[in-house]
Each structure stands twice: as C-alpha cells, then as structure tokens.
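Colleague: Encoded as structure tokens, here's the structure I'll be asking about.
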Amino acid sequence: MYDFLIVGAGLYGAVFAHEAKRVGKSVLVIDRRPNIGGNVYTELVEGIHVHKYGAHIFHTNSKRIWNYVNQFAEFNRFTNSPVANYKGELYSLPFNMYTFNKLWGVVTPQEAAAKIEEQKKAAGVTNPKNLEEQAISLVGSDIYEKLIKGYTEKQWGRPCSQLPSFIIRRLPVRLTFDNNYFNALYQGIPMGGYTQMVKNMLDGVEVHLGEDYLQKKAEYDAMAERVVYTGAIDAYFHFKMGPLEYRSVRFETEILDQPNFQGNAAVNYTDAETPWTRIIEHKWFEFGKGPDGQDLPKTVISREYSSEWKPGDEPYYPVNDEKNSALYSAYKELANQETKVIFGGRLGEYRYYDMDQVIASALAMANRLFGE
Ligand code: UDP
C-alpha cells in the first residue's frame, strides 16, 4: 500500500512525487507512455535533444520556481526569439521596433505608436470582446492580418472573433528593439534535456511505465491511500457530461543532412495557406552544439500541424472558451466529490498552463497536504 499513486509522469506528477518522497511518503508513479516527462519529453537524435511533443522553453518570473527547477538541471541562456514568415516575408517576434520598421518603414517609437493608434482608430474598437478585437486594439489591423489572424486560426481551428482574448495576452507588444518573446525574468533550456531533468525529479521514486490507469482503475486505486491524477479530467469521468474540447498537434519530424535549415529554433508561418503553424529546428535550443559542445553536421526539424482533438489523439491545448469553461466547471464539481483523488496539471485542471505554472500548482498542492 502506497501513500500516493501518481498517474502521469509529466511535470505535475514528477514535482508532486518529488515533494511527497521528500517528506517521507511512499509513492508510485505510473504513466501509459513508455517514457517519463509527459509532453516535455526530449529524446537525443543525431546529438540533438528533440522536443518530441512540441517545443518547450522554460520561462518564469518567479525566483522561487526558478531556484526550484535549478535543483534538477542547469539551464542554458537560450532566449526565445521566434521569426514570423508571412508568405516569404520575415518579421521579428514578439511585435517590436524591428517588426514595425519592416512593416511600415517607421524608425522611431513615436512613429510606430502613431501608426498603431491610427489603425486602432480606423478599426473603431473601443471595448474588445474577443481575440480579434483585442489584437486589433493592441497592434492595429496590419499586424493582425499578417502575423496573428492566420496563425491563430490554424492553431485553434476557430475564427479569431470566437476566441477568448486572453490567449493573445501571452504576446507582448514593445516599442523597443527587443526580440525576447517572453516577458520573463528567468529563461532557458535544461542542459542535457528535459527528460534528464524529470528523471532527476523522480530520483529514488518507483515508476512503472506503459500502465494505463483508467483501464484498471479499481485495481490501481486499491494500491494507495490517495491518487494524484494528471490525465484529462473528462476522460476520468468517462466523458459523462460530454467531451471537453482540446487542440491536438501532429509533428512531421525530419533529419536533414545539412547543418542549418532555418537559422532559428522557431519560425512561425503566419499565413492561412501554409498548412503547418511553425517549424522547430531543435538544435538551436542549444546553440547548434551537441552534448559535448561539438558542432553537428545534421539538423532535425519538426513541422507542427494543429488539429481538433478526437478520441485516440494526444490532447495538448485545452480550449478555454466559454462553452468549455462551463463544462469544465461541471466536471470540477464531480472532481470535488472524489475524496481520494486529486486532479492536477494542464489536463487534470483543464488550463493552458505554462511549465512554471504547472510546477507552482504541484508545489501548492504538496504544501496544502504536507504543510510546510
Ligand atoms: N500568436 C500569433 N502569431 C504568432 C505567434 C503567436 O498570433 O506568430 C498568438 C496565437 O493566438 C497563439 C498565441 O499567440 O495562440 C500564443 O502563442 P504561443 O506560440 O506563445 O503558444 P504556445 O503554442 O507556445 O503555447
């Protein structure tokens, strides 16, 4: 009999397991995949850590969380500066003076601000109610049309006029020449890969892979006092109130016999016609160097295609619009009645969490239970 059965060896599960073990609890972690790490899993291909379930760039404003993850990995100085490709025209992201200069030929912040103001006025948006209105009122119609609309509609499979505006708040707008995508105090990629970082979190913890909790729930439940479930909350309840919507992602990964494909870790394809949303060239997360600091003759790229989740796919992004948020609330009511089971993580809490937020959530739960 374990104190805790933790379902899911992703970040939430690994952090919670680490904390439970630290206070002397007995813990078993299971995951249905053959590997730990959940969606932050990386695998070494041609000397390159490939982010198999999508690019993950660690960033946080919390010194506490930064210090926490640094116990498990040393982080490099990678700074995310994606490039946008709109029909062959290249623009800097996030929206900054380089972007405005390329788009309008403006040179000073005053000129850029005036141009944005003029477009905002022309669009006549005063009280933005959805992502489209929010975007236009933030950056004007040119940027919305070239750099936001196509990308967002591909990623979410819905018109921008039907998406919540909070999604776009991730994207900063700056009147400076600063290409750093994240407004974060701390940022980097764990040297040695995310898998190694999660392995370090799980050091000394019993982990069984290839185990599907929902298939044998009663049997697993009998093994522990409490269960921490990090899978999809609607799947846990057999979708009995209807399925929550998720976006899924498919990756087409290729090894190329050339050292440099696109010169950057991420290039976003922001037009509506290109079927993929972005191409990740994994080696640039580590400055093109292999584990021993060597130059690498090859490169690995992943084209990312976004699709509506259907049973059998991997759920990636919760769709936190009004309809789904209401349905989630109903599932959350059910979850609150499950006294033995704790729901956590991006899927368990149905939240568009960043990694630092997942870690904070797992630490808060550990703190609530083990009270330090
Ligand atoms: N976005 C956009 N154009 C871009 C990049 C992002 O319009 O070139 C918007 C889009 O609405 C997207 C949101 O910003 O859903 C967040 O994008 P990000 O790449 O940060 O999301 P991730 O997939 O990395 O979580």
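The values are calculated or read from the model by the stated rules, or taken from the named source; none is laboratory data. Keep in mind the model is a prediction, meaning the values are calculated, not measured. Cβ sites come from the backbone with ideal geometry, for glycine too, and all protein chains shown count toward neighbours.
Colleague: Yes or no: segment 282-302 includes at least one residue that is small (Gly, Ala, Ser), assigned to a loop (DSSP other than H, G, I, E, B) and under 22 Å from the mean Cα position of the chain (by Cα).
Modeller: Looking through segment 282-302, none of the residues is small (Gly, Ala, Ser), assigned to a loop (DSSP other than H, G, I, E, B) and under 22 Å from the mean Cα position of the chain (by Cα).
Colleague: Given the criterion loosely packed, with under 15 Cβ neighbours inside 10 Å, within 28 Å of PHE58 (Cα to Cα) and not small (Gly, Ala, Ser), identify the matching residue among THR108, THR195, THR176.
Modeller: Result of the check over THR108, THR195, THR176: THR176.
Colleague: Here is a follow-up. Across segment 303-326, which residue is nearest to the chain's Cα centre (by Cα) among those that are among the hydrophobic types (A, V, I, L, M, F, W, C) and within 16 Å of the ligand (Cβ to nearest atom)?
Modeller: Among those that are among the hydrophobic types (A, V, I, L, M, F, W, C) and within 16 Å of the ligand (Cβ to nearest atom), it is VAL319.
Colleague: So which residues in segment 104-156 are within 10 Å of the ligand (Cβ to nearest atom), at pLDDT below 95 and among the small types (Gly, Ala, Ser), if there are any at all?
Modeller: Listed by number, the list holds a single entry, ALA135.
Colleague: Here's a follow-up. Out of everything in segment 297-314 that is in contact with an Asp or Glu (Cβ under 9 Å, 6 or more places away or on another chain) and buried (at least 17 other Cβ atoms within 10 Å of the Cβ), what residue ends up being farthest from GLY263 (Cα to Cα)?
Modeller: TRP309
Colleague: What's the total number of residues in segment 293-327 that are of a type in the set (S, T, N, Q) and under 26 Å from GLU349 (Cβ atoms)?
Modeller: First pass over segment 293-327, keeping only residues of a type in the set (S, T, N, Q): 294, 299, 302, 306-307, 320, 324-325.
Still in the running and under 26 Å from GLU349 (Cβ atoms): 306-307, 320, 324-325.
Total satisfying the criteria: 5.
Colleague: Look at ALA335 and say whether it is in contact with a Phe, Trp or Tyr (Cβ under 7 Å, 6 or more places away or on another chain) and among the small types (Gly, Ala, Ser).
Modeller: Spelling it out, ALA335 is indeed in contact with a Phe, Trp or Tyr (Cβ under 7 Å, 6 or more places away or on another chain) and among the small types (Gly, Ala, Ser).
Colleague: Test ALA272 against the criterion of being hydrophobic (A, V, I, L, M, F, W, C) and surrounded by fewer than 19 Cβ atoms within 10 Å (Cβ to Cβ), and give yes or no.
Modeller: Spelling it out, ALA272 is indeed hydrophobic (A, V, I, L, M, F, W, C) and surrounded by fewer than 19 Cβ atoms within 10 Å (Cβ to Cβ).
Colleague: Please go through segment 30-74 and give me each residue that is surrounded by fewer than 15 Cβ atoms within 10 Å (Cβ to Cβ) and within 16 Å of the ligand (Cβ to nearest atom), ordered by number.
Modeller: The one that is surrounded by fewer than 15 Cβ atoms within 10 Å (Cβ to Cβ) and within 16 Å of the ligand (Cβ to nearest atom): ASN61.
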